[in-house]
Amino acid sequence: MPEQQLRAQVEALQQTLDDPEFDLSAEERRSLEELANNLEARLLVSEANEESVADPSLADGINLLVEDFAERYPTLSATLRNVVQTLSNMGI
């Protein structure tokens, strides 16, 4: 179940990146794309029934993005907070 939640959150993140209404800087876009790629890799590991290694720096990095985006992009920040919670539920 957490994998499905994470998949939905990654899709929401991808939709944000594809939305021309989101005026992201090149650095912000790059950070979010790297995050989406990292999360996709985690999902592939999980779907292959392989054990994921906990990575506290991943959650820390997402939390920093939440702080950066909180004021300008509250919906995106909420999605990122959900990602952190889902990763925690998955033991990552």
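The values are calculated or read from the model by the stated rules, or taken from the named source; none is laboratory data. Keep in mind that what you see is a predicted model, and the values were worked out from it rather than measured. Quick reminder, even Gly has a Cβ in these numbers, built from the backbone with ideal geometry, and neighbours come from all protein chains shown. Only protein heavy atoms, including side chains, enter the accessible area calculation; ligands, DNA and RNA are left aside. Shrake-Rupley method; radii C 1.70, N 1.55, O 1.52, S 1.80 Å.
Relative to the longest principal Cα axis of the chain, at what angle does helix 2-18 sit, 0 to 90 degrees, rounded to 10?
Helix 2-18 sits roughly 30 degrees off the main axis of the chain.
Summarise the accessible area of the chain (1.4 Å probe, protein heavy atoms) by the percent that is carbon and sulfur.
46
Only loop residues by DSSP count here, and only those with at most 13 other Cβ atoms within 10 Å; note down the trypsin sites (Lys or Arg not before Pro) in the stretch 6-78 that meet that.
The qualifying sites are ARG72.
Counting other Cβ atoms within 10 Å of each Cβ, which GluC sites (Glu not before Pro) in the stretch 32-92 have at most 14 and sit in a DSSP loop?
Sites meeting the loop and neighbour criteria: GLU50, GLU51, GLU71.
Taking the Cα centre of the chain as the origin and placing charges on Cβ (Lys, Arg +1; Asp, Glu -1), which of SER57, PRO2, ASN37 is farthest toward the positive end of the dipole?
Working it through, the farthest residue towards the positive pole turns out to be PRO2.
Which option, (i) 14.0, 39; (ii) 12.7, 38; (iii) 12.4, 35, is the value of Rg and Dmax of the Cα atoms in Å that was calculated from these coordinates?
Matching entry in (i) 14.0, 39; (ii) 12.7, 38; (iii) 12.4, 35: (ii).
Can you give me the accessible area per residue for the chain, using a 1.4 Å probe, in Å²?
Heavy-atom SASA per residue in the chain reads 61 Å².
Could you give the angle, 0 to 90 degrees to the nearest 10, between helix 26-47's Cα long axis and the longest principal axis of the Cα atoms of the chain?
20
How large is the charge dipole for the stretch 9-50, taken about the Cα centre, if only the Cβ atoms of Lys, Arg (+1) and Asp, Glu (-1) carry charge, to the nearest 20 debye?
Taking the Cα centre of the stretch 9-50 as origin, the dipole is about 160 debye.
What distance in nm lies between label points placed 7 Å from Cα along the C-beta direction at GLU3 and ASN49?
1.0
Treating only the Cβ atoms of Lys and Arg (+1) and Asp and Glu (-1) as charged, compute the dipole magnitude of the chain about its Cα centre; round to the nearest 20 debye.
Dipole of the chain, to the nearest 20 debye: 220 debye.
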